[in-house]
Amino acid sequence: MQFNSVLESLDIYEAGKPIELVVREYGINPKDVVKLASNENPFGCSPKVQAKIAEILPKMALYPDDSMYELKEALAAKYSVNTRQVIIGAGSDQIIEFAVHAKLGRGQKVLMNGVTFAMYEIYAKHVGATILKTTSREHDLGQFLALYKEHKPEMIFICTPNNPTGDALDKTQLYDFLDQIDANTLVVVDGAYMEYTAYADPKKAVMVDDITSRYANVLYLGTFSKAYGLGGMRVGYGIGARNIIEALYKIRPPFNITTLSLQAAIEALKDEAFVLMSLKNNFEEIERYYDFAKEVGFEAIPSYTNFVTLLLPSTQSSKKVAQTLLEKGMIVRDLTGYGLNAIRVTIGTLEQNSQFFERFMQYCR
Ligand SMILES: *Cc1c(COP(=O)(O)O)cnc(C)c1O
């Protein structure tokens with residue numbers, strides 16, 4: 001059978017390996033498996049979310065409130081924007097999909113960093129768009145601007161802090177760049193880890209109300225999957241000018257998140273203390289990774305997120321290291337597919353991080 005020809009340029013996306021797979025394939029006791037591969041919150045989610053989920057379980061026969069009013073209201077209040085500037089998705093992944101489909105057609109152009117979140121390119125390929133990338137590992141706005149001027153792309157993705165490298169742009173640099181972009185170019189600013197960045201360095205914190213009121217062509221993305229610990233619930237959001245949000249709404253399927261997800265996100269927003277505890281642990285523990293990197297001779301990219309990217313020397317293959325660790329029940333992300341001889345490790349609890357250091361020393365040295 002023949003399919004849409006754009007599929008010829010696409011592979012099936014391989015998400016982070018689940019704990020179940022390691023148990024099944026390597027016969028490891030589930031309690032000995034440590035997953036530091038998908039940037040999940042090692043403390044799970046707020047206990048308040050769990051209590052709420054238990055309370056609403058009996059209501060599962062009902063469709064969710066498709067207006068998502070309560071969640072949109074809570075986000076609008078948190079970020080000082082209007083509810084009509086907010087759209088909710090099944091993860092911010094889904095908002096990326098809406099945005100690409102709303103803006104790009106076949107042969108139109110999209111610009112992104114050389115090394116960045118894979119879904120931008122995948123969704124752009126769905127619509128047959130032309131993909132332009134910088135040659136940089138970390139965001140290089142000089143290169144972005146040069147490519148922008150040369151090719152006039154219809155859409156730009158900025159991921160700050162960037163996944164999978166962990167670096168973040170200074171807000172002033174970002175604004176200087178945005179000042180030079182045409183009003184008809186949609187710029188997606190993906191802030192999936194912005195809670196971490198805001199905690200680590202206010203200079204790099206992009207405030208949603210600030211950026212969206214300054215720039216009518218910016219769509220800001222946030223998610224409940226990282227700092228709020230709700231990766232399994234699949235809730236993310238987009239915030240921007242009303243005409244952008246209305247365009248995305250035309251593509252959104254009804255009931256695109258579940259009743260459980262909706263309530264979980266609403267409750268999660270009420271427990272900032274949980275988030276703060278998670279952030280504090282993260283930046284205490286990340287120091288141990290920097291020390292570890294020094295000790296074993298790896299380069300750690302300074303991170304503004306809940307993961308650290310360790311660049312390996314050419315004498316050691318990241319693919320092999322990740323595989324060896326996997327067989328010992330330690331799941332980390334190999335970045336060979338991104339053109340880097342590096343592994344990305346999610347910052348876990350104190351015990352999980354100690355396990356990483358121990359297993360690395362035992363099996364990979
Ligand atoms: C995790 C992540 C997302 C989206 O995650 P969802 O679970 O779909 O909300 C988006 N962008 C980046 C850069 C991410 O790392």
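Every read-out reported here was derived from the displayed coordinates using simple, explicitly stated rules and does not represent laboratory data. All values reported here derive from a predicted model rather than from experimental measurement. Cβ sites come from the backbone with ideal geometry, for glycine too, and all protein chains shown count toward neighbours.
Based on DSSP H segments of at least four residues, each scored -39500 (n - 2.57), the chain has a per-residue ellipticity at 222 nm of -12500 deg cm²/dmol.
Using the alpha-carbon centroid of each, what span in Å lies between the stretch 310-362 and the stretch 259-298? That distance is 19 Å. Residue exposure proxy: MET277, MET60, ordered by other Cβ atoms within 10 angstrom of their Cβ from fewest to most, comes out as MET60, MET277. Comparing THR324, THR336, THR315 in a Gaussian network model of the chain, where Cα atoms under 10 Å apart are tied by springs, the biggest mean-square fluctuation is seen for THR315. Of the DSSP H helices in the chain, those that are both long (alpha-carbon extent of 27 Å or more along the helix axis) and hydrophobic (Kyte-Doolittle mean at least -1.0) are 272-296. The alpha carbon gyration tensor of the stretch 238-299 gives principal lengths a ≥ b ≥ c with a/c of 1.5 or higher and a/b greater than b/c, which makes the shape prolate.
Remark on THR130: its backbone amide H falls under 5 Å from those of GLY107, GLN108, LYS109, VAL110, a criterion applied only to residues 5 or more positions apart or on other chains, H modelled at 1.01 Å from N.
Could you tell me which of the pairs LYS31/LYS328; LYS204/LYS270; LYS72/LYS103; LYS226/LYS328; LYS31/LYS280 are separated by over 19 angstrom between their Cα atoms in the structure shown? Pairs exceeding 19 Å: LYS204/LYS270; LYS72/LYS103; LYS226/LYS328; LYS31/LYS280. Take the Cα of SER213, step 7 Å toward its Cβ, do the same at GLU295, and the gap between the two points is 4.8 nm. Prolate is the label for the stretch 47-268, because the ratio a/c of its alpha-carbon gyration tensor axes (a ≥ b ≥ c) is 1.5 or higher and a/b is greater than b/c.
Note on the chain: GNM, Cα springs under 10 Å; of TYR215, TYR193, TYR304, the largest mean-square fluctuation is that of TYR215.
For LEU10, the shell of other residues with beta-carbons less than 15 Å away shows a net charge of -3, using +1 for Lys and Arg and -1 for Asp and Glu.
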